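These notes are about the structure you will find just below.
The values are calculated or read from the model by the stated rules, or taken from the named source; none is laboratory data. Just so it is clear, the structure is predicted and the values come from calculations on it, not from any experiment. So basically every Cβ, Gly included, is an ideal-geometry build from the backbone, and we count neighbours across all protein chains shown.
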């Protein structure tokens, strides 16, 4: 991967996290749903995040790494979080 990234994980780890979020109201995520999440990540979400400059994505190695955020993006996220909790 190119660039200096601060945090890195595998696509499989991301799928596990997303499955965990979906099980808040249920006991398990089916293997079919986990596969669907994997497909959505690798074909839609990860390429979009990489194109936006937010991550480095190595599709061959199935690794994802966060890129450092610009200060303007950090402020925008902080304002969004504050507005949501207001």
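For the range 58-75, the set of residues classified as without any contact (Cβ under 8 Å) to a residue 24 or more places away in the chain and surrounded by 12 or more Cβ atoms within 10 Å (Cβ to Cβ) consists of 59, 69, 73, listed by residue number. Identify, please: which residue in the range 1-27 is surrounded by 10 or more Cβ atoms within 10 Å (Cβ to Cβ) and at pLDDT below 70 and is, among those, nearest to residue 38 (Cα to Cα)? Applying the filter and picking the extreme gives 1.
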